[in-house]
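In what follows, a structure is listed as structure tokens, so that the remarks can point back to it.
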Amino acid sequence: MPESLVISKGAEETTRELLRSLLESGKVSAVLALGRTGSGGEGVAYSLFTDPTAFEEGGAACPLFPFMPANAGGLLSRLTLQGPPSEPVAAVVKPCELRALIELVKLNQCSLDNILLISSTCSGVYPLDAGVDGALEEKLPGYWEAVKQGEVDEDVRPTCRACVNFVPENADITIALLGEADLDTQCTLHVNTEKGAAFVEGLEGASSSGELESEPVQRAVGQREAFREELFAGVEVGMQGLIRTFGRCIGCHACKTVCPICYCRLCYFDSQDAERSPEFYEGELQRKGGLRVPPNTVFFQLGRMAHMSVSCVGCGMCTDVCPADIPLSTLFSKVAASAQALFEYQPGREVTEEIPLRTFEQEELVQVAT
Amino acid sequence: MSEKSAARSSGATLKAEGGVAAALVGWLKEALEKKVFDALLIPVEVPAGDSFAYLLLQDPAILDKASPLPPVMPVQGGKAISRLTMRGNGSKRVAAVVRPCEARAAIELSKLKQAHLDDVCLITLDCPGVLPLSDYIGDPAAGAARFAEAAAEGDRSPMRPTCQMCNHFSLLGSDLHVGTLGADGTILIVPGSSKGERVLEGMGMPVDAALDDWSARVEEAEQAQTERRRQAHADLRETVAGAENLLDVFSSCINCHNCQRVCPVCYCRQCYFESAALKLPPENYLARAGRKGALRFSPDTLLFHIGRASHMALSCVSCGACEDACPMDIPVGQVFSLMADRAQEALGYVAGRSLEDALPLVDYEMDELHQVEQPYVEIYCKQEVQDA
Amino acid sequence: MSEEREFEPRIIYFLCSWCGSGGSETAAAHHLQYPENVVPSRVNCTGALPAVHIVRPLIEGADGVVISGCHPGDCHYNDGNFRARRRVALVKSLLDTLGLEPERVWFRYVAHGEGQRFVDTATEFNDHIKKLGPNPLTTRSDT
Amino acid sequence: MENQAFTPRIVGFLCNWCTYAAADSAGVSRFKMPPSVMVVRVMCSGRVDPLFVLTAFFSGADGVLISGCWPGQCHYQKGNLHARRRTALLKSIFDTLELEMADRFRLSWVSASEAPRFVQVVKEFTDQIEQAGPSPICDELFL
């Protein structure tokens, strides 16, 4: 099935054209993609576009903008939580968003029916605070220059610079971006599924047998792996390390709110069970002379790890929204890496693969029980 | 319940040669040792030294790292008090050292039945404002120096925008207020309720110092701040009023609802805007998108902000916690303080002023607000008929 | 001018189930006509109408919202309409602060027997909104 | 001196069908064992969410024991196999973050007929925790 289509237009233009034609021809009823908001395009947010003109030159949509205001996996879950749309919807998402989406499908939080998934090889996104007041626009030329060379711009989020899963899996159509030197004039679409093929039918382009795993991609994996090790090495561990790291946590639980995998409508830590009676506080006070109010910073983080780390896709939203600038994503990725290795699991790899905690082998992990 | 003391006409004095914070911590330590109260809720520097956290403590030794007036407000004290007392009063008398906006939030939460203040003695200080959280965490040492300098000079420019225009930085509602404004070697401790009076009594401190000088200073500063607030709100209104401006202001909102989560008075366990009420089948979203050509997703950004205001603006204490927690630096605290001031004015209420004022949406008058009733012009349709 | 005449507002009319709805029934009994684009929506009591439900249509597609309940002192739950009045005052204050045309919200008492008054209110509000023009929020995709 | 006075506080999540029965019969048989385990009876070791374990630790437990039926003998077919995966996950998190809780956390299979084994597990685990000393988490103020 996998085939690729070389189109003699720039990547951005190709993407816009593709989406516009999908909407115009009625092949999809809407497109979920990034778009500018506000009268002067001050903000960038995901939108469900139904009007094809949004994808024309100067239109509101900016599907390849290096920014992630929300994890689109979570958004698609919200869109399809109560059932798939009756007509196809296309979504332009980043590889980590796609992984989150696959995990959410496994968690019965969304449906992939009638969803056309378009993704691209990803060179990362800028931190949220770089996107305030159009400050990001100035960085765009540098960003795309780096993409062409298969590099990552230095101002891109550390999480992204350390991400080794930047080649999307399970996308119906993949737009090759990373390391494509002639990005401005030519674009390769990799059509990975029959669904994808049906949607690109009629698109003008030369078919080719180009592989996604190009040389620059391989090189990027190595670079990012190195950076990842560097980040992991900087994580403060041990209880004292965690207390130092989370000492400044303000308990807002924003990390949980934006986490695509944390889908529970009511988190244990926001529930009545986590509210304490005066007797609890008095008991703790008696025992150790003092305690934090509200309590549960390290407990919350460990609890969240226990609940979601096997499915953590390393999208970095948690770090991005943290008002206290705690490097959550690095810590969670480090924990997730070993937890996922334990079960030889990679979140988002395959929709049919069970989440490790929902399945088991008869003979395994014998050393755990003593 | 706090019975009002006969006008705050006098206070006790405390020598503060070694600085206000040290003197106050010393005083609190003594109070703990004398068992004037059993426990203390106070901001304490965290182990990494990059922020502060509220600790409930009874061991006076822990107080060494305490700061009655830290340079940041990571957790709104009202919220901390609510978490502590939401299930009841407990058996300990707790003194909570908080900022005036935090005390106001605690008072609102008490009225909203989310806090029990019977055994809590609210101690507030004249507040110079706080630095934005992200500024401080980036470089705590520089932040602390900047804060100390600005606080000493009464300069609010490095503080958060909501603090820059705060006009309720003193007194209002607390049981004990520590007057430090313009303090020169001596600070005043002013009882605001019988609970506060009992504390001073227990400490053996005579309440005999005249407040005139300090009151005059506070009043002067309050007037200046009120003017500043009026001006800031007028300027702000220019930039937010109208559909276009408003949507520009919220254009970068990522719908994380963190403003709601850190808001002390947004106490609902399940927010309406995160509930199933707004989680709809895909056809709904697609139809809405179809009508407008596109639909921001997640949807309902503006509905969330205005709706949230409709739920909490009357209890909003303008503490600015929302703005501090916004990952997109939206001036949400300022916009909410503007909405809150005008809404509270319309309904004759000041959030956190006193435990006695009833919440405006719980209470009503028979004869009021006739301006919102649309007068009936009886001849309206008859006129139409004649015109036709 | 001609365009203005073509504008047909979308209006939601919240009616309390005792008085407001009663008014509409009386109007129907007398075969009184009111504009078709005014969509009545029944709530048990105006006091049971959350502020969010006034705001939500104004963002999602209505050009105006009008609310009718019992006259002061006539509320079937004693004080629902007084509470509603405070809530409307709050919503109007918020809308005014944000420059979102508080005049798109009307609050007028209509008793069960006042069919004419119900029809007048619907008609008058419709004309009023026509004069105001379309609600700018309803066409924005980034709300 | 202090060490001698230290009696570990171990929270034991015991499965209703196997280990709880074993503990019961150990008691009835008057077997001697350290009074260190505070028993929480759960219907199945598979019922134990990682949060239970964390809650115990953060509430001051010096050790946590999960104990249930041997693999293949679960009264709900597979609950203990889920418990094993969860335990492995939690241990992996503790290991990655180099948290000392890893050594204070044990999963053991004890069937209903194995009262002596239960006693042995408790003795061993208590010794182990005694060696390790009181959990340092108990005294942390900033958790």
Worksheet, complete the sentence: Kirkwood Rh over alpha-carbon pairs of the stretch B:242-371 plugged into Stokes-Einstein at 20 °C, 1.002 mPa s gives a D in µm²/s of 131
Discussion item. I need the peptides A:124-130, C:64-70 ranked by packing, meaning the mean over residues of other C-beta atoms within 10 angstrom, with the highest value on top.
Written reply: C:64-70, A:124-130
Fill in: Kirkwood-Stokes translational diffusion coefficient of the stretch A:9-73, alpha-carbon pairs, 20 °C, 1.002 mPa s, µm²/s
180
Worksheet, complete the sentence: To the nearest 20 debye, the stretch C:8-136 has a Cα-centred charge dipole, built from +1 on Lys and Arg Cβ and -1 on Asp and Glu Cβ, of 360
Worksheet entry | Shielding of B:273-283 by partner chains, average beta-carbon count, 10 Å | 5
Practice prompt. Give me the angle, in degrees from 0 to 90, between the Cα long axis of helix A:215-233 and the longest principal axis of the Cα atoms of chain A, rounded to the nearest 10.
Written response: 10
Discussion item. Counting other beta carbons within 10 Å of each residue's own, what order do C:131, B:195 fall into, fewest first?
Written reply: C:131, B:195
Worksheet entry | Protection proxy ranking of B:43-55, B:77-89, D:36-48 - average other beta-carbon atoms within 10 Å, highest first | B:77-89, B:43-55, D:36-48
Worksheet item: Mind checking the mean number of beta-carbon atoms from other chains within 10 Å of the Cβ atoms in D:55-62?
Response: 3
Worksheet, complete the sentence: Ranked output for segments D:24-31, C:136-143, A:14-21, A:238-245 by mean other Cβ atoms within 10 Å, highest leading, reads A:14-21, C:136-143, A:238-245, D:24-31
Fill in: Relative frequency of Cα-Cα separations exceeding 18 Å in the stretch A:234-368, percent
61
Discussion item. Run the helix sum for chain B: -39,500 (n - 2.57) per DSSP H stretch of 4+ residues, divided by residue count, reported at 222 nm to the nearest 500 deg cm²/dmol.
Written reply: -12500 deg cm²/dmol
Worksheet, complete the sentence: Within 10 Å of the Cβ of an average residue in A:27-39, the count of other chain Cβ atoms is 5
Worksheet item: When N counts the residues of chain B, how does its alpha-carbon radius of gyration compare numerically with 2.2 N^0.38 Å, as a ratio?
Response: 1.10
Discussion item. Place a point 7 Å from the Cα of residue C:7 along the Cα-to-Cβ direction; which residues of the stretch C:103-143 have their backbone N under 18 Å from it?
Written reply: C:103-106, C:123-141
Discussion item. Can you give me the distance in nm between label points at residue B:367 and residue C:42, each placed 7 Å from the Cα along the Cα-to-Cβ direction?
Written reply: 3.6
Worksheet item: Rounded to the nearest 500 deg cm²/dmol, what is the calculated helix-only ellipticity per residue at 222 nm for chain A, with -39500 (n - 2.57) per DSSP H run of length n ≥ 4?
Response: -10500 deg cm²/dmol
Discussion item. Please report the projected area of chain A's Cα convex hull averaged over all directions, in nm².
Written reply: 21.4
Worksheet item: Which of B:236, B:28, B:278 moves most in a GNM of chain B, Cα contacts under 10 Å?
Response: B:278
Discussion item. Compute the helix-to-body angle for A:278-288: its Cα long axis versus the longest principal axis of chain A, expressed 0 to 90° and rounded to tens.
Written reply: 70
Worksheet, complete the sentence: Ranked by GNM mean-square fluctuation in chain B (Cα springs under 10 Å), the top entry among B:370, B:311, B:233 is B:370
Fill in: Dimensionless Rg over Rh [chain D; C-alpha; Kirkwood]
0.97
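Computed from the coordinates by the stated procedures, all read-outs in this text should not be read as laboratory data. Model, not experiment: these values are computed from the prediction. Counting neighbours? That spans all protein chains shown, and the Cβs are built from the backbone with ideal geometry, glycine included.
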